[in-house]
Amino acid sequence: MGASVALDCDAELMLRVKDGDGASFSLLLGKYRASVCHFLYRMVQDQAVSEELAQEVFLRVYKSRETYEATAKFTTWLYRIATHLALNWLRDERNERRQERLDQGTEDTPVREVPDRVPSVEQQMVHALKVEEVRHAVASLPDKQRAAVLMHKYEEMEYSQIAKVLSCSESAVKSLLFRAYETLRVRLAHMA
Amino acid sequence: MDCPIRTDENTDWLLEYSAGRLDREHAALMARHVQTCQECARFVEGQQRVWNALSQWGVDPVSAGFDRRLYRAIDAQPVSWKDRIFRPLQPFWRRAIPLAAACLLIVVGVVLHAPQATLTPAASQAAVEKNEAEQVERTLDDMQMLRELEMTPKQEENTSKSL
């Protein structure tokens, strides 16, 4: 029920954007800016690139306003654009130099800490190492499996919606997720 | 229930159960099964470890200038000539179209319900006959006038001779 209300609300906002209402676009941007940026960051694992891609996502949403039809959930359309851009970027940038940059970027990557108390330096280092391992484990997944895991885990999308975003069947998504988590279980088995 | 791992069915239940997202009814079924199936218990334990590890992966907030850059990019988009012409008129059209449709409906209604000015066959026949009679009468008048005109010079000639 909540999902359908959200669907109507977002689609309605987008239809208003289609009618030239800039304020509705601002509302959609405010609502999905963070989640799209975070999804893209976890996909490409580069802050600057993820924001660049997120800019492109919202720019495409704006440019496509004239032809927008509320045939699917707004978020499905939004993540479809985001996933498409991320997969293209990963395909284009998959080379040795990028792999090196990813490996070197470990120390530069800021790690968000949300503790109850100020953690010790040792705790911070342990946490940073754990996050780094997670990052590498996710990065090692094939692109589609990675996208499916990120949408399932962080965006809490249902199988049917992930299937629509990735343009595949629901059973294919189940299979993608099962294999992806299998890989992660092996790679992260030592983490408590 | 059948073991999801051995039968390769409902494996998504295992994933959702491990994530704590399965609905209450299925979660209860799953919990009973996991208690008796070592393979599934191991799976759930491993999956929960992965889930917790993924939860630790936080991300930085979006940079402050994100919206400003986006709107700058939007403003930099070339505007087509159609947009240049029709975009300012869009609010007008939005109001004008329903108004025009309403006017059209009214006009159609008036046309359909107005008394018809068409003639019946008998009336049209009578009108034609009346027209013909008038034409004949007018022709006779014209002929009479011509005759009078012809007579007038002769009469004048005779009068002058007699004088």
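Only the coordinates and a few stated rules stand behind these numbers; no lab work does. Predicted model, so just to flag it, every value in this text is computed and none were measured. Positions of Cβ are generated from backbone atoms using ideal geometry, with glycine treated the same way; all protein chains shown enter the neighbour counts.
For B:His113 and B:Met151, FRET efficiency with R0 = 56 Å and r from the beta-carbon atoms, rounded to 0.05? Walk me through the intermediate numbers first.
Working: r = 60 Å, r/R0 = 1.08.
In this case the efficiency is close to 0.40.
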Considering only the other residues whose Cβ falls under 14 Å of the Cβ of A:Tyr68, what net charge follows from Lys and Arg at +1 and Asp and Glu at -1?
+1
Between the modelled labels at A:Ser64 and A:His190 (7 Å from Cα along Cα→Cβ) the distance in nm is 4.3
Taking amide H positions as placed 1.01 Å from N in the peptide plane, with prolines and chain starts having none, which residues 5 or more places from B:Leu22, or on another chain, fall under 5 Å of its amide H?
B:Tyr17
In nm, to one decimal, how far is the modelled label at B:Ile85 from the one at B:Arg21, with both set 7 Å along Cα→Cβ?
5.0
Which whole-angstrom value gives the distance between the alpha carbon centres of region A:117-187 and region B:37-84?
12
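In whole percent, what relative contact order does region B:4-55 give with Cα contacts below 8 Å and a gap of six or more residues? It would help to have the intermediate numbers written out before the result.
Numbers: 30 pairs, mean separation 19.6, N = 52.
Relative contact order comes out at 38 percent.
B:Leu105 to B:Ala123: extension gain in nm, 0.36 nm per residue of separation minus the Cα-Cα distance?
Numbers: separation 18, 0.36 × 18 = 6.48 nm, distance 3.27 nm.
Once the chain is fully extended between B:Leu105 and B:Ala123, it gains 3.2 nm.
R0 = 45 Å: FRET efficiency of B:Asp60 with B:Ala96, Cβ-based, nearest 0.05? Working shown, then result.
On the way: r = 49 Å, r/R0 = 1.09.
Working from the Cβ atoms, E equals 0.40.
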Virtual paramagnetic centre 7 Å along Cα→Cβ of A:Ser175, amide N under 15 Å, in region A:131-146:
A:144-145
From phi via Karplus (6.51, -1.76, 1.60), per-residue ³J(HN,Hα) for region A:124-137 in Hz, x at Gly/Pro
4, 5, 4, 4, 4, 5, 4, 4, 5, 5, 4, 4, 5, 5
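Rounded, prolate or oblate: which one fits region B:1-53, using the alpha carbon gyration tensor with axes a ≥ b ≥ c (rounded when a/c is under 1.5, else prolate when a/b beats b/c, else oblate)?
Details: a/c = 1.57, a/b = 1.21, b/c = 1.30.
Oblate.
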Evaluate the distance, in nm, between pseudo-label points positioned 7 Å from the Cα of B:Asn131 and of B:Glu9 along their respective Cα→Cβ axes.
8.8
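Placing +1 at every Lys and Arg Cβ and -1 at every Asp and Glu Cβ, with all other atoms neutral, what dipole size does region A:116-192 have around its Cα centre, in debye to the nearest 20? Before the final figure, lay out each step's value.
On the way: 11 positive and 10 negative charges, 42 e Å.
Computed charge dipole of region A:116-192: roughly 200 debye.
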Taking the number of other C-beta atoms within 10 Å as the exposure measure, put A:Lys73, A:Lys63 in order starting with the fewest.
A:Lys63, A:Lys73
